[in-house]
Amino acid sequence: MPSKKHKPEEIIGKLREAEIVLAQGGTTPEACRRIGVTEQTYYRWRKEYGGLKVDQARRMKELEKENARLRRAVSDLTLDKLILQEAAKGKLLSPARRRRCIDRIREMMPVSERRVCRVLGQHRSTQRKAPCGADDEQALTEDIIALAKQYGRYGYRRITALLRNAGWMVNRKRVERIWRKEGLKVPQKQPKRGRLWLNDGSCIRLRPEYPGHVWAYDFVEGRTHDGRKFRILTIIDEASRECLALVVARQLKHQDVLAALAELFVSRGPPAHIRSDNGPEFIATAVQEWLARIGVKTLYIAPGSPWENGYNESFNGSLRDELLDGEIFYGLAEAKVLIEAWRRHYNTVRPHSSLGYRPPAPETATTPLPPSGSASLHLQPAMAPEATMH
């Protein structure tokens, strides 16, 4: 009859009984007979559990189980790490590549298919199913490649629609699989064509010929020191590169655009054309009708093509680089003063590379303002009256 496996609580109880026998003058063999074990078992128990209480023995047993579980977890993680190291030689983006990788790992390491599939994220049915291509796979691949060459900006969804129109009975997933297998993709960047489209559909490259011929306006965003946003309406003359106005406010709507343009039209006269993007403040019906009544033609750039408003975009970059990124505006009033001072400096002092490094509108009678983008740009009391829009 097999010997009974004692629990830690039972062992500690028997050791206590043996200690009582020994304390009463009995011998070790007598104590062993009393508790029903051999002397070897008694000494082994005393070495392992001597001096422990029942709760301590129970806790020690739990720690042993936890250590065994942690050792198994570490062993499993080590094996998973070895599998991933062997599979990390390339990207596994398709089931076919995972299938080949799993077969190679099983040849190199004594691991099961279930284990490798779980680590690499491959379903076992996908691993075991032998792939078989359709009879028309090659012809479909050639047609997909031909369409991708003809329509470079089309993705696989539009290619699928073209294939269906051509008579192919094919779904999107199959086209996507072939698309990825052949390494086809829509390029992130493409060369832009140097032309501007007018509202009447004609394609000309309208360049400014004289001051007042073409104006351009756009918005730039900034923040005060408290994190609140403010907007800047920038209006420039593309021929002279002069900044005509920098309107600063927390919010700027089409009514503010009309007010700024009206003030400039009174002092300088209306231009022949005015260029802008398709922002809601510029394409508002009130703005278009008002400009049409005055006789100013609008030049709206193509959506998503800021390069077509290149003069204004270049000016906005200079404004941000030389002033907005280097100044802390503690309030909207300070921002208005500093931005207007920078505009005067830009027009009268700052050398412009496209003008032979001359300022757009030099004023010999006005004391030059300090260089932009530095701490000395803050206005002195005597300079404050000059910071007005003209």
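The values are calculated or read from the model by the stated rules, or taken from the named source; none is laboratory data. On a predicted model such as this, the values are computed, not experimentally measured, just so you know. FYI the Cβ positions are ideal-geometry reconstructions off the backbone, even for glycines, and counts take in every protein chain you see. These accessible areas exclude ligands, DNA and RNA; they are computed on the full protein's heavy atoms, side chains included. Shrake-Rupley method; radii C 1.70, N 1.55, O 1.52, S 1.80 Å.
Going by the alpha-carbon gyration tensor, a ≥ b ≥ c the square roots of its eigenvalues, is region 136-186 rounded (a/c under 1.5) or, if a/c is not under 1.5, prolate (a/b greater than b/c) versus oblate? Cα axes put region 136-186 in the rounded bin. Whole-Hz Karplus values for region 98-115 come out as 5, 4, 5, 5, 5, 4, 5, 5, 5, 6, 8, 10, x, 10, 7, 5, 4, 5 Hz, taken residue by residue from phi with 6.51 cos²θ - 1.76 cosθ + 1.60 and θ = phi - 60°; glycine and proline positions read x.
Only Lys, Arg, Asp and Glu carry charge here, each on its Cβ (+1 for the first two, -1 for the last two); on that basis region 8-128 has a dipole of about 1140 debye about its Cα centre. Using the 1.4 Å probe convention, the accessible area of region 214-355 works out to 42 Å² per residue with neighbouring protein chains retained.
Among the protein heavy atoms of region 214-355, carbon and sulfur supply 52% of the accessible surface, probe 1.4 Å, non-protein parts ignored.
Across 6, 273, 123, the residue with the most accessible area heads the list, and the full order at a 1.4 Å probe is 123, 6, 273. Solvent-accessible surface (1.4 Å probe) assigned to residue 226 amounts to roughly 100 Å². Near residue 352, the amide H atoms lying under 5 Å from its own belong to 357, 358; only residues 5 or more places off or on other chains count, and H is placed 1.01 Å from N.
Nonpolar atom fraction for region 8-128, defined as the carbon and sulfur part of the 1.4 Å probe accessible area, stands at 52 percent. Here the gap between residue 352 and residue 109, fully extended at 0.36 nm per residue and compared with their Cα-Cα distance, gives a gain of 80.6 nm. Considering only Cα-Cα distances, which of the following residue pairs are longer than 26 Å: 129/149; 5/65; 81/173; 7/47; 297/336; 61/81? Going by Cα-Cα distance, 129/149; 81/173; 297/336; 61/81 fall outside the 26 Å limit.
Highest mean first, the peptides 237-248, 97-108 sorted by other C-beta atoms within 10 Å per residue fall in the order 237-248, 97-108. Around the amide H of residue 245, modelled in the peptide plane, lie the amide H atoms of 235, all under 5 Å away and 5 or more residues distant in sequence or on another chain. In order along region 268-279, phi translates into HN-Hα couplings of 10, x, x, x, 6, 9, 9, 10, 7, 8, 9, x Hz, rounded to whole numbers, per the Karplus curve 6.51 cos²θ - 1.76 cosθ + 1.60 with θ = phi - 60° and x for Gly and Pro.
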